């Protein structure tokens, strides 16, 4: 028995994410591939409150962690009990919808059939990293594509100091399927037309 190949593309609002999405259309996808766009959202209202708390308190280090890696990663670092039960808010959901629609539009311009595109918003659970959340959403996919943010040496040092890995790094080390990480410097053509699929099927083991 066979089924269509499913490829998860992990997306956010960064330029690196859009580059990875377009690279996928140019190299890894075809008209018979099911493309699953996955993005993670957090509680923006709670995040704003945390930013205010630490910016006024002078804790630039903690604020930098939030700015660089998001609220879910910060929770691992700070263990703030008053944030762990926060539920995703509407603005965060709307932002996720906007990100997904933007990437979907890019895939449609590359002539990937709309019927082949699925959009998934995932909310990290308590004590769950963003990487693990998106992997949970992509668990039925055959492979994963994600971009990078192109962090500099100082930002990477901060990452290591708090014991965290970048999203792409954590995805690579925890995924059970092949992962392609597309660097921000990867050249991508301006005009892309996805290749025609020849079935795009993958065998299912019994």
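Throughout, read-outs are computed from the coordinates displayed, never taken from laboratory work. Since the model is a prediction, treat every value here as computed from it, not as a measurement. Don't worry about glycine lacking a Cβ; one is built from the backbone with ideal geometry, like all the others, and counts go over all protein chains shown.
Numbers below:
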| quantity | calculated |
| --- | --- |
| Cα-Cα separations in segment 93-139 greater than 16 Å, expressed as whole percent | 50 |
| Mean Cβ neighbour count within 10 Å, used as a protection proxy, ranking 95-108, 126-139, 16-29 highest first | 16-29, 126-139, 95-108 |
| Separation of the residue 185 and residue 142 label points, Cα + 7 Å toward Cβ, nm | 3.2 |
